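Beneath this line is the structure, given in structure tokens, with notes to follow.
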Amino acid sequence: IRGYGIAPFHQLARRLLNRQGAPPLGEIAGLVRRNNAGGIVDNPTEKSFEFVDYREIPYQLIGDFSAYRHVEQDARVVPMYSVMGCPYKCAFCSAPAQYQEIRKKWVPFEAVEVVDHIERVHRELGANFVYFIDEDSFVNIKHVEGVIDEVRRRGLSVRLGFRGARIN
């Protein structure tokens with residue numbers, strides 16, 4: 001499966017198990033397969049981001065969370081997204097090629113949803129450092145301010161780090 005794969009993989013598993021309501025192979029986004037004649041069939045990928053609800057992330061499968069930290073620091077780190085994509089076309093970056101087929105290039109999550117996710121990992125995993133792995137968090141500074149303001153409003157004792165920032 002090319003592109004985002006959670007929903008297509010689920011559809012493929014349902015098809016292979018002959019489950020009722022499973023789409024035909026030709027309708028599963030990003031599926032690459034051989035047809036009966038041995039030729040390659042390459043289904044188009046989705047034209048939008050695949051969003052995963054943070055409540056569906058199985059954090060309980062992490063047996064020992066203590067390994068997720070900054071070396072020689074007392075920071076229990078959880079990576080997460082606050083936005084999907086990047087609207088820029090920097091020559092040094094892979095994002096323009098990666099998001100070429102995506103219609104809307106930058107989609108922020110609601111600040112309240114982001115902080116709900118932060119609150120969950122803080123409460124359940126003891127995370128005290130959230131590292132945003134966004135391509136670019138700062139396309140709209142109001143988005144980042146909204147997340148920071150909501151963290152403060154709730155009194156959460158977590159530090160925030162940002163990977164993606166374009167400095168012009």
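The values are calculated or read from the model by the stated rules, or taken from the named source; none is laboratory data. Quick caveat, the model's predicted, so the values are computed rather than measured. Backbone-built Cβ (ideal geometry, glycine too); neighbour counts: all protein chains shown. Just so you know, the surface numbers come from the protein's heavy atoms only, side chains and all, with ligands and any DNA or RNA stripped out. Shrake-Rupley method; radii C 1.70, N 1.55, O 1.52, S 1.80 Å.
Among what's in region 33-78 and is in a loop (DSSP other than H, G, I, E, B), charged (D, E, K, R) and open to solvent by 60 Å² or more (accessible area, probe 1.4 Å), pick the residue that is nearest to Gln100 (Cα to Cα). Residue satisfying both the conditions and the ranking: Lys47. List every residue pair whose Cβ atoms lie under 9 Å apart, where the two residues are 6 or more positions apart in sequence or sit on different chains, the first residue falls within region 148-160 and is in contact (Cβ under 8 Å) with a residue 40 or more places away in the chain, and the second residue, located anywhere, is part of a loop (DSSP other than H, G, I, E, B). As it stands, the answer is Val158/Ala127; Val158/Asn128; Arg159/Ala75; Arg159/Asn128, since those pairs meet every condition given. Scanning region 81-100 for residues that are surrounded by fewer than 18 Cβ atoms within 10 Å (Cβ to Cβ) and outside any loop (DSSP other than H, G, I, E, B) gives Pro96, Ala97, Gln98.
Just give me the residues in region 13-26 being surrounded by 15 or more Cβ atoms within 10 Å (Cβ to Cβ) and either touching an Asp or Glu at 6+ places or on another chain (Cβ under 7 Å) or over 21 Å from Asp53 (Cβ atoms) (or both), in sequence order. If you could, list the steps in order and put the result at the bottom.
Here is the first cut: in region 13-26, the ones surrounded by 15 or more Cβ atoms within 10 Å (Cβ to Cβ) are 14-15, 22, 25.
Across region 13-26, the qualifying residues are Arg15, Ala22, Leu25.
Residues in region 1-17 that are in a helix (DSSP H, G or I) and in contact (Cβ under 8 Å) with a residue 12 or more places away in the chain: Ile6, Ala7, Pro8, Gln11, Leu12, Arg15.
Whether a residue is of a type in the set (Val, Ile, Thr) and closer than 18 Å to Arg163 by Cα was assessed, and Val112 does not pass this test.
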